[in-house]
Amino acid sequence: MAEILIVEDEFSINELIRRNLSLTGHRCTQALDGLSAAALLENGSFDLVVLDIMLPGLDGYQVYEKALGTPTIFLTAKSELSDKLKGLSMGADDYLTKPFQMLELAARVEAVLRRTKKIETEFTLGGMRCNFDSRQVFLDEEIIECTPKEYELLEVLIRNRNIALSREKLLDMVWGYDFDGGTRTVDVHIQRLRHKLHLEDYIKTVYKLGYRLEEV
Ligand code: CA
């Protein structure tokens, strides 16, 4: 999980980015103008900034100066793609031209975080080892076959470990908003993960809510 600052003055786009990056397990803070973005950057610490260029208050370049080395992905309309940005791209980690696909942004975010080493590529618990790059799971160094949903559920639990997650939230994060299979699906997959990966002692049931992966 990373702390991400989203700076975008169009609320609907800002909100769409927040929702998508939250679903992949990141904690997002939103700013709708350059001045509040600069204030947030001065007072907080972020692992990544998603930064629009054309902003009220300060523009994206001015905000970038306040980011002081925080990994930054610029969002820009194609017409704003000036020489200045090309120069900045030496320092900025990446940029995307609007309109862009959410999947593309999410992929760039993960790539930058990985490059700046804010994201773990592997996680070990008990005899279980999970590699996020290859999406492979091992138990005592033997590969364990997981279905795509089992794997995604495991990764969400790991990236949000020690946090209680409701069945509804897990359903949203792994199966998506339009899935209508019900929360029982979550229970079934949790049982399988516990059994397959010997995680009975680590995946705790949170009474009347959902589950929590506990790293002891
Ligand atoms: Ca804008």
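The values are calculated or read from the model by the stated rules, or taken from the named source; none is laboratory data. Small disclaimer: the values here were computed from a predicted structure and weren't measured. Please note: Cβ atoms are built from the backbone with ideal geometry, for glycine as well, and neighbour counts cover all protein chains shown.
Some observations on this one:
- The stretch 113-125, residues that are exposed (fewer than 15 other Cβ atoms within 10 Å of the Cβ) and either touching a helix residue (DSSP H, G or I) at 6+ places or on another chain (Cβ under 6 Å) or within 17 Å of residue 193 (Cα to Cα) (or both): 124
- The stretch 165-183, residues that are within 18 Å of residue 214 (Cβ to Cβ) and modelled with pLDDT of 90 or more: 165, 166, 167, 170
- Check on residue 205, part of a helix (DSSP H, G or I) and over 22 Å from the mean Cα position of the chain (by Cα): no
- Count of the stretch 15-44 residues, restricted to those that are closer than 15 Å to residue 106 by Cβ, within 16 Å of the ligand (Cβ to nearest atom), crowded, with 17+ Cβ neighbours inside 10 Å and not charged (D, E, K, R), is 1.
- Residues (surrounded by 13 or more Cβ atoms within 10 Å (Cβ to Cβ), within 21 Å of the chain's Cα centre (by Cα) and either assigned to a helix (DSSP H, G or I) or of a type in the set (A, V, I, L, M) (or both)) located in the stretch 126-148: 137
- Residue in the stretch 45-56 that is surrounded by the fewest Cβ atoms within 10 Å (Cβ to Cβ), counting only those that are over 18 Å from the mean Cα position of the chain (by Cα) and assigned to a loop (DSSP other than H, G, I, E, B): 56
- Among (1) in contact with a helix residue (DSSP H, G or I) (Cβ under 6 Å, 6 or more places away or on another chain); (2) surrounded by fewer than 18 Cβ atoms within 10 Å (Cβ to Cβ), the one test that residue 153 misses: (2)
- Exactly one residue out of 35, 5, 41 is within 30 Å of residue 171 (Cα to Cα) and at pLDDT 85 or above, and it is 5.
- First in the stretch 97-109 and closer than 12 Å to residue 73 by Cα, second anywhere and of a type in the set (Val, Ile, Thr), Cβ under 6 Å, 6 or more apart: 97/76; 106/24; 108/73
- Criterion applied to 140, 133 was being touching a residue at least 12 places away in the same chain (Cβ under 8 Å) and at negative phi, and the one residue passing it is 133.
- The number of residues in the stretch 141-156 being under 15 Å from residue 126 (Cα atoms) and either modelled with pLDDT under 95 or among the small types (Gly, Ala, Ser) (or both) comes to 1.
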